[in-house]
Amino acid sequence: MIALLPGESRALFPRLMDEMYDLRLGAVRAHAGRPSAAVHRLAVVDYFDSLDPLYVLALDEMACVAGALRLLPTTGVTMLNDASAGAPRDGLRVESPLIWEASRLTLRRAGDSRATDGAMNRTIGQLGVALNAVAEAAALTYLIGVFDGAMHRLLSHRGCAGETLAPPMRIDGADIFAVLYEVGATMDAPFRSLAGDASAPPINLADLERLRQTDCRS
């Protein structure tokens, strides 16, 4: 399932936001190689979250968040243009009402018993199909993906990493990749192949608590 959560409505859905932040927190800890107590939750909530992005959430059959990312228009502040003191790289700056940026892609970690290869493929596929659908509905022409090295490798291995725009940026000690997707069938096809029968229109947020049947934090 896919849920689209506008940033200005985040306070109405604290469970979804907490689960998304937990996924981010796990990723930060894994990349940093630090014990759990060494990374605070505030490390995963950055300035770009304060800009009220559109959050795209992939939910499992228990309505728990299995993957997430956020969307921001490139006419405002974005990670590609503004996150690093050295950005934009090589004169690269993307600003257009027809291009949005997707960032902070986060998935369940390998240590989670629910994060099987099949489940991860479905989650990646659902997010990609939903991204393309949102972009088409907004009459966008391109999406920029800004992903860390781990997420970029996962997407590359599945044939859906997009077109690399520039050498990796260093942000907070991590390699960050900027990639380009052309909105439409070319973008949709590889993600839909991963999603299989799991791709579907976004669910009504008001129905989520009725669907939830378990504590999602495990």
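Coordinate-derived values only; no laboratory data. Owing to the predicted nature of the structure, the values given are computational and were not obtained by experimental measurement. Here the Cβ is made from the backbone with ideal geometry for all residues, glycine too, and neighbour counts use every protein chain on show.
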Virtual spin-label span in nm between residue 117 and residue 175, 7 Å along Cα→Cβ = 2.3
Once you have the Cα-Cα distance between residue 203 and residue 156, take 0.36 nm times their residue separation minus that, and quote the gain in nm to one decimal.
-> 14.1 nm
Packing-wise, with mean Cβ within 10 Å as the measure, how do 180-189, 4-13 rank, highest first?
-> 180-189, 4-13
Karplus-derived 3J(HN,Hα) from phi for segment 171-178 (6.51 cos²θ - 1.76 cosθ + 1.60, θ = phi - 60°), whole Hz, x at Gly and Pro, runs 10, 6, x, 10, 6, 10, 9, 10
Ranked highest first by average number of other Cβ atoms within 10 Å, how do 116-127, 97-108 line up?
-> 97-108, 116-127
Segment residue 51-residue 93, extension gain: residue separation times 0.36 nm, minus the distance between their alpha carbons = 13.2 nm
Could you compute the FRET efficiency for residue 137 and residue 62, with r as their C-beta to C-beta distance and R0 at 45 Å, rounded to 0.05?
-> 0.95
